[in-house]
Amino acid sequence: MNDKFVVGFDGSEAARRALDFAMDRATAQGATVVIAHVLEWSPYSFLTPTELEERHMRRKEELNRAETSIITPAKASVEGKGVPVETVLRYGHIADTLCEVAEKMEATQIFIGRNGHSRFGSRVFGSVAGNLVQTAPVPCTIVP
Amino acid sequence: MNRLTQRAVLAATAFLLFAGAAAAQEQTIDDRINEIFSGATGWFVTLIFSPFPGTSFPWIVAWLVIAATVFTIYFGFIQFRAFPHSIALVKGDYSDPNDAGEVSHFQALATALSGTVGLGNIAGVAVAVGIGGPGATFWMILAGLMGMASKFTECTLGVKYRNEFEDGHVSGGPMYYLTKGFAERGLPGGGILAVLFSIFCILGSLGGGNMFQANQAHQALTGVLGDFPGFVTGLIFAGIVFIVIVGGLKSIASVTEKVVPLMAVIYVGTALIILIMNADMIGWAFGQIFAGAFTGLGVAGGMVGALIQGFKRAAFSNEAGVGSAAIAHSAVRTKEPITEGFVSLLEPFIDTVVICTMTALVIIITQQLMIDEATGTYMLNEAGTAIKTVGDTSGVGLTAAAFGSTFSWFPTILAIAVILFAFSTMISWSYYGLKAWTFLFGEGKTKELVFKVIFCIFVVIGASASLGPVIDFSDAAIFAMAVVNILGLYFLMPIVKREVNSYLDRLKSGEIKKFKH
């Protein structure tokens, strides 16, 4: 069975570097790359009645936007390099969801870019990289 | 800004200028608004609250209690049987991960709660205990427990018969289940009931969902800042509400939505601390509650007075049977409408059984209600309409005094809480009113704008009028919704029964599985 690498991709510079890095490893090892984009979402956040009413509609819009502006260009940029590419678009807590995706797809590695927040910033707001390192079910590569 | 909004801003500015120009006669404005208001609404209040002939028992209170009892028995005490399952649903144990990003059970519950947890829990309870004595608390808790079944029934139907529009937005509530549900069962009159409900819902949103809130927010402000005319508070509030609901400034609303739960936690937390500090008195307080529930302990109206106040304030606070929550709950994403019914039954529990009881206990334990030492019964005020209180306070003032007797800083926190609760309740009710309005007049920007401007004008009226006429009208309008809604529920409850039986069978057989373990 060929290896699967899940790349957490949010369209940023750092994510780009992670994707490129993962592509290099995948080429070398004959692995499949899974571009995973997670829309930050908590089922426990508070919404106004109007937001409730429009949620289903907004969700569709958000998924469409993510698909066209993030997933599709990312996939297009790495296709034709001899590496099979899959995509995943999910809602949830970013680190938790990446772990779930990795587990479900039986991936062997997770790659993410690092945004390089200050230590204070990550203390206060938490960092995806920090969470992922603590909880990932498979080896995890943080690309600077 | 489009032209409509511009026009609305102009109209609102003109109104504000008019009110401001008249500021020189500040005292008389409040008085005049008050006079016109009570003159215009008196007949409606009388009709809703008329007692059974020869008694002092309002028929509307009996209507709510009977309904809650009927639903409780008809669904076999569903509020107790399904309670653990309700909590599992809210936690998301049964939510399909593929539905992430849709409205969760928790979110629907939280939004519905922010519309109901509010002044009813702070001011309403104080009114109930102030008039009906500690015994009112017993009836309030009972009404809260029974009301869970009413809420369950209406919210299940709210989801089942909601309208899902092509663009993906949803509209639900009693007006939809009354029309569609009646049609489905081949019963006549659903349309008429839906129209009546919508009219009362608009009145309720202007009354309890708006004027009562503005009024109590003003009282809370004067309690902290000293006396100033009500229309000032009204204008400021109307301005902010206008920006949010017409201007679409969501940030204010979302900030409130986040701060309100925090205030609720602070409120309940402080109440708990006061109760723990007076732990030795809790037994005595419950003694007063039970004794008062069946004897009245000398309060105005005796036992019946305590019962009426308890039931009235519970219904006003948790809105079970009123139909408003069905509007908020109907946006949830679920394949089984009944699950939202299960979730919604937690609402009266949190609102009434937990939060209202906290308020009542604090008022009783801090001994704000004056007891005649010679007889051991409560002393009445000079007019004989309510129990004499330590600082001659009533409504939100009584709650502030009770909490303030332990923590002197609390009245300031409470004032902030009252203002935020009032604001979030107004935002919720402006939505309920708007849904009823668009049901009657159709969807459309201009039509919606008309309602929103009317809503803002009523904020000013509410803040200016004195408590009496406002609270009466608020109650009357909200209870009028319950008249229509409950009548409809009686005809539609077999549908809910079918749903609940089928769901519980499948849950038992393991066909409905948990996604989380």
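Quick notes on this structure:
- Distance distribution note for region B:99-205: the fraction of Cα pairs above 20 angstrom is 57%.
- Amide H partners (placed H, <5 Å) of residue A:143, local residues excluded: A:112, A:113, A:114
- Phi angles of region B:373-382 translate, via the Karplus equation with coefficients 6.51, -1.76, 1.60 and θ = phi - 60°, into HN-Hα couplings of 5, 5, 9, x, 9, 7, 8, 8, 6, 4 Hz per residue; Gly and Pro are given as x.
- Computed over neighbours whose Cβ is under 10 Å from that of residue B:320, the net charge equals -3, Lys and Arg +1, Asp and Glu -1.
- Working from Cα pairs under 8 Å separated by at least six residues, relative contact order for chain B is 33 percent.
- A compact globular protein would have a Cα radius of gyration near 2.2 N^0.38 Å; the ratio found for region B:277-395 is 1.34.
- For chain A, lysine pairs with C-alpha atoms less than 22 angstrom apart, excluding pairs fewer than eight positions apart on the same chain, total 5.
- Fully extending the segment from residue B:243 to residue B:446, taken as 0.36 nm per residue of separation minus the present Cα-Cα distance, adds 71.4 nm.
- Inverting the pair-averaged 1/r between distinct Cα atoms of the protein assembly as shown gives 26.8 Å as its Kirkwood hydrodynamic radius.
- Loop-located GluC sites (Glu not before Pro) in region B:129-182, at most 10 other Cβ atoms within 10 Å (DSSP): B:166
- Relative contact order (%) - chain A, alpha-carbon pairs under 8 angstrom, separation at least six: 35 percent
- Rg and Dmax, both from the Cα atoms of chain B and both in Å, are 22.3, 72.
- Taken as Cα centroids, region B:132-188 and region B:36-58 sit 25 Å apart, rounded to the nearest whole angstrom.
- Long-range amide H partners of residue A:87 with built H, under 5 Å: A:35
- Cα principal axis extents for region A:4-143, largest first, Å: 52, 34, 27
- Look at B:179, B:352 and count the other Cβ atoms within 10 Å of each Cβ; fewest to most, that gives B:179, B:352.
- Electrostatic dipole magnitude of region B:117-221 [Cβ: Lys, Arg +1; Asp, Glu -1; Cα centre; debye, to 20]: 240 debye
- Sites matching GluC sites (Glu not before Pro) across region B:313-405 that sit in DSSP coil, with at most 15 neighbouring C-beta atoms within 10 Å: B:373, B:382
- Cα-based Lys pair tally, region B:112-259, threshold under 25 Å, eight or more apart or on separate chains: 5
- Kyte-Doolittle mean at least -1.0, axial Cα span of 30 Å or more - DSSP H helices of chain B: B:26-49, B:135-160, B:250-277, B:410-441, B:467-509
- Packing-based exposure ordering (other Cβ within 10 Å, fewest first) of B:140, B:493, A:57: A:57, B:493, B:140
- Cα-based helix-to-principal-axis angle, A:13-29 vs chain A, degrees rounded to 10: 40 degrees
- Taking the centroid of alpha carbons for each part, region A:26-72 and region B:384-458 are 37 Å apart.
- Annotation: amide H of residue A:4 within the under-5 Å range of A:32, A:108, A:109, sequence separation 5 or more or interchain, hydrogens built in the peptide plane.
- The C-alpha atoms of chain A define a longest principal axis, and helix A:94-104 lies at about 50 degrees to it.
- Neighbour cut-off at most 12 other Cβ (10 Å), DSSP loop, trypsin sites (Lys or Arg not before Pro), region B:184-290: B:185
- Here the 3J(HN,Hα) profile of region A:49-55, calculated from phi with Karplus coefficients 6.51, -1.76 and 1.60 at θ = phi - 60°, is x, 5, 5, 4, 4, 8, 4 Hz, Gly and Pro shown as x.
No lab work stands behind these numbers, since they all come straight from the coordinates. Keep in mind that what you see is a predicted model, and the values were worked out from it rather than measured. Using ideal geometry, Cβ is built from the backbone for each residue, glycine included, and neighbour counts are taken over all protein chains shown.
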